[in-house]
1. Quick test for you: out of D:THR312, D:THR321, pick the one residue that is modelled with pLDDT of 95 or more, over 29 Å from A:ASP19 (Cα atoms) and within 20 Å of the chain's Cα centre (by Cα).
2. Output the qualifying pairs, or none if there are none: Cβ atoms under 8 angstrom, residues six or more apart or on different chains, first residue in the stretch A:335-348 and more than 8 Å from chain B (Cβ to nearest Cβ), second residue in a helix (DSSP H, G or I) and of a type in the set (S, T, N, Q).
3. Testing B:ILE5 on (1) away from chain A (no Cβ under 14 Å); (2) surrounded by 18 or more Cβ atoms within 10 Å (Cβ to Cβ), one condition comes back false. Which one is that?
4. Would you confirm whether any residue within the stretch B:86-93 is on the phi > 0 side of the Ramachandran plot and either over 25 Å from the mean Cα position of the chain (by Cα) or not in a helix (DSSP H, G or I) (or both)?
5. Select, from C:GLU112, C:GLU65, the only residue that is away from every other protein chain (no Cβ under 14 Å) and assigned to a loop (DSSP other than H, G, I, E, B).
6. Is it true that some residue in the stretch B:146-159 is over 30 Å from A:ASP35 (Cα atoms) and among the polar types (S, T, N, Q)?
7. Conditions first: (1) facing chain B (nearest Cβ under 7 Å); (2) modelled with pLDDT of 95 or more; (3) surrounded by fewer than 24 Cβ atoms within 10 Å (Cβ to Cβ). C:VAL195 passes all but one, so which condition is the exception?
Protein chains: 4
Amino acid sequence: MAEYISKGRKARKSYGFDDVALVPGDLTYDIKEVDASWKIGDLEFDVPIIAAAMDGVVNVHFAREFSKRGGFAVLNLDGISSRFEDLSSIYERMLSSKREEVTSVIQEIYKEPIKEELVEKSISSIKEGGNFCAVSSVPQNAERFAEIAESAGADLFIVQSTVTTARHISKRYKALDFDKFCSKLKIPVIIGNCVTYKTTLELMKTGAAAILVGIGPGAACTTRQVLGIGVPQITATGDAAAARDYYFKKTGKYVPIITDGGMSTGGDIAKAIAAGADAVMVGSAFAKTKESPAPGYHWGMATSSENLPRGTLIQVGPICTLDEMLTGPAWLDDGTQNLLGALRLSMASVGADSIKRMQLTELIIAPSIKTEGKVQQRQQRVGMGK
Amino acid sequence: MAEYISKGRKARKSYGFDDVALVPGDLTYDIKEVDASWKIGDLEFDVPIIAAAMDGVVNVHFAREFSKRGGFAVLNLDGISSRFEDLSSIYERMLSSKREEVTSVIQEIYKEPIKEELVEKSISSIKEGGNFCAVSSVPQNAERFAEIAESAGADLFIVQSTVTTARHISKRYKALDFDKFCSKLKIPVIIGNCVTYKTTLELMKTGAAAILVGIGPGAACTTRQVLGIGVPQITATGDAAAARDYYFKKTGKYVPIITDGGMSTGGDIAKAIAAGADAVMVGSAFAKTKESPAPGYHWGMATSSENLPRGTLIQVGPICTLDEMLTGPAWLDDGTQNLLGALRLSMASVGADSIKRMQLTELIIAPSIKTEGKVQQRQQRVGMGK
Amino acid sequence: MAEYISKGRKARKSYGFDDVALVPGDLTYDIKEVDASWKIGDLEFDVPIIAAAMDGVVNVHFAREFSKRGGFAVLNLDGISSRFEDLSSIYERMLSSKREEVTSVIQEIYKEPIKEELVEKSISSIKEGGNFCAVSSVPQNAERFAEIAESAGADLFIVQSTVTTARHISKRYKALDFDKFCSKLKIPVIIGNCVTYKTTLELMKTGAAAILVGIGPGAACTTRQVLGIGVPQITATGDAAAARDYYFKKTGKYVPIITDGGMSTGGDIAKAIAAGADAVMVGSAFAKTKESPAPGYHWGMATSSENLPRGTLIQVGPICTLDEMLTGPAWLDDGTQNLLGALRLSMASVGADSIKRMQLTELIIAPSIKTEGKVQQRQQRVGMGK
Amino acid sequence: MAEYISKGRKARKSYGFDDVALVPGDLTYDIKEVDASWKIGDLEFDVPIIAAAMDGVVNVHFAREFSKRGGFAVLNLDGISSRFEDLSSIYERMLSSKREEVTSVIQEIYKEPIKEELVEKSISSIKEGGNFCAVSSVPQNAERFAEIAESAGADLFIVQSTVTTARHISKRYKALDFDKFCSKLKIPVIIGNCVTYKTTLELMKTGAAAILVGIGPGAACTTRQVLGIGVPQITATGDAAAARDYYFKKTGKYVPIITDGGMSTGGDIAKAIAAGADAVMVGSAFAKTKESPAPGYHWGMATSSENLPRGTLIQVGPICTLDEMLTGPAWLDDGTQNLLGALRLSMASVGADSIKRMQLTELIIAPSIKTEGKVQQRQQRVGMGK
């Protein structure tokens, strides 16, 4: 609903994960009856959770492990895997830096040029043993990497930047022509990120196989703090899903919506799908697993914008294995583990036996904040493993 | 009221305890004029507060003590009382564990098989001296325990799981048929938990003697964080109460509504009843009493879901006796003690001399958060007993 | 505005101090043009701020000092001034208690019986030198104290309890008949506290000279936490003011509204008057002055309810003199000092040169919470006196 | 939208920076295509960010440095630059004070009389080398300083007080006649601060060259806490912009709106312009630069009101150079650095290639609070330079 925010000017109200909750169903399912699989075109995946193209989340080893569990992790072709042969020494260099030097160390690391042979090698390594290989790059590098990726055997190519539109204006350089790019590549192309109905539709028309949704989802997001830009994910996902449904009705082509960003619990993932998503993309959660590149550490990558470099290093774990992160058992009861298990139980509890059904379940606007209680509860806890 | 949360999609607004407040009456009562009694069928209870079926709250001793005060506590037949003869050594084992081992110790304890003779023995022990005996189990164990419970003399049987509906679909096992279950048992059956008008009505039709209301009531609830599912209790209670009133009008049978979960103060309890409840179920508050199983400790029990085990141990007290918790005097002024006394004084102050009248008192939507002030106030306090 | 909180049930939205802000005027005044005086019947006061009848705020000495500054402080006849001859030893006993004993020490102190000769003596002492003397008691003691107070020379009698209505039902005792009480006493009677339009009107009809407004104003209020009862002060004040205006229109008698409770800054006081109040009653702020009974300490008094005793001792200062608290200069910039000066400057800035005009100034609903910023700002502060 | 806050009384809802977010565009620009310049009459500036007239932000040296970068900083003629010849010893005196003395030291410093020769000298020094010189004073001193300033070569005069209206009533002194003042001065006059449509219009009519908008923008603002007065900046800016557009339509004269106060990130600045501002005025951010008067320190200046003195000293840095603050690179990713760079990238991302276009971009109402998450995230950060 729109409200007046100043004389003569209206703004629409938007909603994020913490503003809504799922309403239990009048019918429930045994969790074993629940099918959480989803498809991109003809490709079918058991796990509707994608590991995000972040260097602290996915390297060759992690991508393989993730593929074996029925989903896929995305390797960032602009990242350090394409810059260094020996990644372990890079991880060590970051982790052993002094507090005051970390930022510049990370910024230094990302100045190392990308080597095309490393791009090729990474992809081949993931493919070994028949794993599914998804890779990504920013629009600026997409044409350069796409050919290499395709010929090296990649199964999926993702073009991703913070804010992506079908129309980008520059006098300095030629913007990526998504129509041409999608039709030229033989493997499916996922494009993102966007948040509006209109841009979702325009990107679908370029031939995208799926759309990534999410820009500045939370109040504490860098995009929201630095640029002021952001749309909470429930609204963004719902709008994109409406575009998908309209596009499917008009063309018969179903282009799945992948909610990317802002989810930290199984509950958030369940809400994203209930809001209309076909799958979700998650980063930090997987950085917390023992299988992640530098287990327990996560960091901001260099972005395409030289004006807004990031270089923070965060310790986030490791708190469990990838299996425990996906299917449990969880030893924390805050929803940050057993993400797939929680999603499936959530679906069972609201009476949705498939992702398609889950997209139609009832959401309620529920007050989200009771800071004090939350804090107290945590402080009193005894006997947690950390 | 419903609002658009995304293009073409509406969600209803819901309310929790912290979102509302009671409006004082234009008429007030002497507290002695207030009658807080309530009934389940022909059973009448002076205390409209039930002690929840949690192992950190109720054991045989606690159930007896609670019954003597005019209410009832529910013994969890799936819990440790049914698994171990010598509970005191179990409590000791938990409490003496190291921080990092507690979770696995608790999970280990709940792997001990249930012994039917212990179920029987617990019930008989509670009944000794004519106490009221209420027991509970999850739907999966309900048929197995119901017979034992009834023959051992239990007065009330509660079938309880996180999300309960009249219709549950599984190919692996036969879901509990509530119709059959209720008609077969001679003692009244309480079923829960649910939160919607429709499910409340469907469960009433199966023959339930009362309905437990409450799923993921607070933002910090495990169910809400893990599964994304939850309805704030004022809305859930009001909806269930509307179903009760409709059912009573149609059938002449009055099936009381018991609000379960999310209440930590006398004020919360007063609000639950003002929202339409006949009684409330409370857990943590009683774990804080000196009469509780492991005085001052509370822990997450094993649930029926192997995917989402809980095993946290929290120190919550002990802060007072059961008498002080129910009827004061309170030495804390935050509403966490003297729960029944506070409810009665609240009723007197809004001009309600019975639970039925209290259900009709005016609620107001009141802003709930002023974190900083709250925190400051507490920090400055001098001379509190702890 | 009312919203649905559950099926078929509506609740009205209410507003507190933190939810609103004053809108600056299109015309401003020199602060010297502002007249903040107000009247109760024929009694006129320069200071529209009353010191609350709390033992940590007002004793004989404080009441005299306050009267000299053009306002009045209320002596609590149910308090320790009426129980002990030598108060200084009582203050010392409290302050020298160990943390864990304070509550019981305070509770013990309030068990000392009230002595009528002390009541008389206190009033005479305040009156010495021509000071204004206002006293208060709970309804139960009102008839007993009123006669003594009047004959000892008190100028104003306040009957005050947490929730007061014109109609109170009890079989045990005879409720105070406000009609009789007001007409029998020759000095004006102020009655409180109430929060609704209807009760305000009913109390006005009994002959009250002014009405105290405020029950459970804030989310952290004891009344709200313990009993669940409370109406935020902007709404409560506005409703009571509407009753006052209606009553004045019908009868020609102007019964001022005094907002009592929940104000901690000059801004809150300005908002209370903008919401419709004629004056405000403030407690904690004055406990912080060097002139207060036990400078810098404040405590919960015994109330009439034995079920909900209070006995907490809080250190709140001393932070300044009474003069600084009323008219500055303030050395803190958070609004907690210079209350009258701030009110006057606020009036000047919104273009209100009298209390009557201030009651008509525009209020805006303004978002109230930005916890983190607030906290950060404070932590970084250097060089504050404490 | 207006809502009832009490019986018969409505209040309008208002919005601040944290309540809204920008919606990404369906078209994006290369950041090099973005033009962020703006004009006051014929004066054109590349930088739409003005450094506020605060003694902890601007002195002669800082004003020169800022002018060289294409914008302007305002020198406060009521401040210490006009009171002391040797400022460095004043800074040292403040910074070396003990915690408990700082407030009185600052208050003492501001008692030093203003010397007209210092006013003149400061302006001449800024002008040296052709810099742009903007100066300010409170209305009381405006006539006295304006002549000196103009003859000393100042380019712009700002009359600024907390709440400014075209009509001010006093019997003690003659209020500044803005009509006369503006027509008498040859250099443009900026007037502020105001927040309403009506006052903005009235001030424009007096001949103001631009209007400063902002009174008590945030919940933690001194003005809001002390006086209760304040309008969140999105609403205030939008209302003032509506007045500007109306005035332009009627008169053909475009009087720019400058949002002043409450912005701490690039995102906030982007939102202010999206709400309708032509430029913004920022204080604390520049106090954090190495070029600021007392690098890293910021303090409350003496105001015109003797009743509400301020004298707090806050350490805020230094965290970077002025260049880094304006155009990066930023080493913090929270938006508090690279303010102009962030604004330009924000404009590029929402598809606005000019300030005029940015004023029309879509805003969304987005939930602003997720305190806990924010806090946690920060605590876990490793390797930040401070």
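The values are calculated or read from the model by the stated rules, or taken from the named source; none is laboratory data. Keep in mind it's a predicted model, so treat the numbers as computed, not measured. Please note: Cβ atoms are built from the backbone with ideal geometry, for glycine as well, and neighbour counts cover all protein chains shown.
1. Just one listed residue meets the conditions, D:THR321.
2. Partner pairs satisfying both residue conditions: A:LEU340/A:THR327.
3. Condition (1) is where B:ILE5 drops out.
4. No; the residues of the stretch B:86-93 include none that is on the phi > 0 side of the Ramachandran plot and either over 25 Å from the mean Cα position of the chain (by Cα) or not in a helix (DSSP H, G or I) (or both).
5. C:GLU112
6. yes
7. Condition not satisfied by C:VAL195: (3).
Per-residue answers, yes or no, for (1) small (Gly, Ala, Ser); (2) within 14 Å of chain C (Cβ to nearest Cβ):
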{"site": "D:SER104", "(1), (2)": "yes, yes"}
{"site": "D:GLN107", "(1), (2)": "no, yes"}
{"site": "D:GLU120", "(1), (2)": "no, no"}
{"site": "D:SER136", "(1), (2)": "yes, no"}
